[in-house]
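The values are calculated or read from the model by the stated rules, or taken from the named source; none is laboratory data. Keep in mind that this is a model prediction, so the values were computed, not measured. All Cβ positions, glycine included, derive from the backbone under ideal geometry; neighbour counts span all protein chains shown. In case anyone asks, the SASA skips ligands and DNA or RNA and just uses the protein heavy atoms, side chains included. Shrake-Rupley method; radii C 1.70, N 1.55, O 1.52, S 1.80 Å.
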Amino acid sequence: MDVWFVISNTIVLACIYGTLAIGVSITWSSLGFLNLAYGFIFAFSGYGAWLFAQHVSTFGPAVLACGILSGALGGVFVCALAFIPIHDKPNFTIRGLIATLAINLIGTQSLLWWFGPRSKNLPEIFGTWKLSFSGVTLTADRVGNVITSVLMLLLVLRWMRSSRRGLEIRAMMMNPHAASIVGIGVRRTSFYVMAITGALAGLAAVLLSQTYYISPFGGLTPMIKAVSIALCGGLGSVQGAVIAAVVLGLNEALTTVSIGGRYVLITQFLMIILILLVRPRGIAGILDRAREA
Amino acid sequence: MNIIQQDLSQAAHAPLQRREMLKLSGLSAGYGPMRVIHDLDLIVSSGERIGIVGLNGHGKSTLFYAIAGLTGWQRGSIKLNGLEIGRTRSQGPGRYTHQIVRAGLALIPQGDEIFHGLTVEEHLDSGAFTPRSWRERQERKERILQIFPPLKKLMAVPVGRLSGGERRMVSIGRGLMGEASLFLVDEPSLGLAPKIGKNVIDALMALDLGSSAMVIAEQNVSLLEGRVDRILGMHVGKLKGEASAALMLHDHGRA
């Protein structure tokens, strides 16, 4: 077993899944909204980037930016369609779950109808260079994946720490009731949240397309993994999501080299069940009184 | 939202004099099938400090929540600084609260309703939601530190680690950060040691209201006695007219 291969795979997977999981986590804890249309946003931004690469330019950073922007757009779309009309109605959590699931199904079918079943692939946005030292070879897409996702996450976290909108989002994550008392509007803040988390999905879509293809249903597995990682890390905790992403990325890399890639989902869910047995609130689960009441 | 903003700018041009800051007429509110506030009328003028006293569960907090649009349902008229913020509604608690808050309401809720992971400084910032108060937030924070000097050392500490008295200071400070024309303070002394509770009330009394008004809900009449302009008694969802503190004490059989 090649240790370096496992380690580099772990890091790459952890970065991509972590990005997605943090998006799920932030949406859940600030809006109380489990966004099951995340898979659609993921595929939608992949196609956005693909269209851009086909018709405008194949310049790597521009394709990446376009993917991120289409993700943000998809997030705003889902917010306007599934969050705004029902967020203050009774039984919102279940309704939101069903609404986003519906958007996911309709959205992915529309993508299938519009673009056809054939997978698309994106240009190599990070180039084709290689780094090799002391027998370890790192390809451009791996290095690029890690650097961009870490950069993007740092940027988002920094924005949430230092800006006024970020303060509003964090306030809403901690106590939605008190947030409305201090004058934070749920509807407006929800658009920021959904745009940001959509952008994270867009980034993950473009990054993952460097290894896999873009297809209408390509968002499903990443979404399931993201939701389970977010759950595993403790919904609402960014640090928890990062730790869970590393643990599950390691699990995926190890499973792939030891018993084969097709068993990944099985070992992953065994792992998640184990973690949730030991820590029912997830790795860093905070006692979320505001939502459990 | 636009209507509220237009009315707000008109209200800002009105001459500065004693005017009705809050006018409730026929206000009823509650949660689901439960009716907590019954056809209530109240007028609070600018510059006025009013105490509302009453036992637990008689609707003091619900009255404040109804004014902020946070109850399950409500009907009747609520005028804040001449602007109608009440509406008949049966769902969507909190949906319009941020607009009402922007129109000049500062609600300092019971039990503090803090953001446990934010630092004291971020907390105070979160109270400054209007563009103007956000620009002036440094000066406003200075002002609040003068009212509550103990907070000075705690500015970088997460609020979840503070003691009850410190949290209350943060919660009140947050309410004072904006440009409110009406302060609703819900049980400021609740759960605090008597001396600290008295300090908090002292700070509220020392505050220069200017043209704004303040309504304080309390269970402990003696803390407000002689220090507010009027004391109203609240009993099963109705205001029992103006009551002097001595009378209230007599009513409660504590005299």
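Reachable lysines from residue B:152, Cα under 23 Å, same-chain residues fewer than 8 places away excluded?
B:141, B:195, B:198
To the nearest Å, what is the center-to-center distance of segment B:68-133 and segment A:133-157, using C-alpha atoms only?
44 Å
Could you tell me how many degrees, from 0 to 90 and to the nearest 10, lie between the Cα long axis of helix A:140-162 and the main elongation axis, the longest principal axis, of the Cα atoms of chain A?
The answer is roughly 20 degrees.
Percent of accessible area on chain B owned by carbon and sulfur, 1.4 Å probe?
Exposed carbon and sulfur together represent 51 percent of the surface.
Give the separation of the Cα centroids, segment A:267-286 to segment A:8-77, in Å.
Spelled out, the Cα-based centre of one part sits 25 Å from the other.
Provide, as a two-decimal number, the C-alpha radius of gyration of the protein assembly as shown over 2.2 N^0.38 Å, N being how many residues it has.
Dividing the Cα Rg of the protein assembly as shown by 2.2 N^0.38 Å gives 1.13.
Provide the per residue accessible area, probe 1.4 Å, for segment B:120-193, rounded to a whole number of square angstrom.
Accessible area per residue, segment B:120-193: 41 Å².
So if R0 is 51 Å, what FRET efficiency would residue A:114 and residue B:238 give, r being the distance between their Cβ atoms, rounded to the nearest 0.05?
The computed FRET efficiency comes out at 0.25.
What lysines does residue B:79 reach when the alpha-carbon gap must be under 17 Å and sequence neighbours fewer than 8 apart in one chain are set aside?
Answer for residue B:79, where 17 Å is the Cα cut-off: B:23, listed by chain and number.
Quick check on segment A:7-222: what does the Kirkwood estimate of hydrodynamic radius come out to from the alpha carbon pairs, in Å?
17.7 Å
Can you give the relative contact order of chain B as a percent, counting alpha carbon pairs under 8 Å and 6+ residues apart?
With pairs under 8 Å counted, the relative contact order is 25 percent.
May I ask you to derive the relative contact order of chain A, considering only C-alpha pairs under 8 Å and at least 6 residues apart, and to give it as an integer percent?
Relative CO of chain A lands at 36 percent.
Can you spot the lysines whose alpha carbon is less than 28 Å from residue A:120's alpha carbon? Ignore those fewer than 8 places along the same chain.
A:130, A:225
Can you give me the relative contact order of segment A:37-157 as a percent, contacts being Cα pairs under 8 Å and 6 or more apart?
For segment A:37-157, the relative contact order is 27 percent.
Would you grab the residues whose amide H sits under 5 Å from the one on residue B:110? Only those 5+ places off in sequence or on another chain, please, with H modelled 1.01 Å from N.
Excluding prolines and chain starts, which carry no amide H, the hits are B:186.
Apply the Debye scattering formula to segment A:113-195, with a single equal point scatterer on each alpha-carbon and no solvent, then give log10 I(q)/I(0) at q = 0.19 Å⁻¹.
-0.86
Considering segment A:1-133, what Rg and Dmax in Å follow from its alpha-carbon atoms?
My reading of the Cα-based Rg and Dmax gives 17.6, 59 Å.
Ignoring trypsin sites (Lys or Arg not before Pro) that are buried or in helix or strand per DSSP, and keeping those with at most 11 other beta carbon atoms within 10 Å, what is the longest stretch of chain B between them?
Result, exposed sites excluded: B:19-253.
Residues of segment A:167-183 losing 30 Å² or more of accessible surface, assembly versus chain alone, probe 1.4 Å, please list them.
A:167, A:170, A:171, A:174, A:175, A:177, A:178, A:180, A:181, A:182, A:183
Which order do A:217, A:92 take by accessible area at a 1.4 Å probe, largest first?
Ranked from most to least accessible, the order is A:217, A:92.
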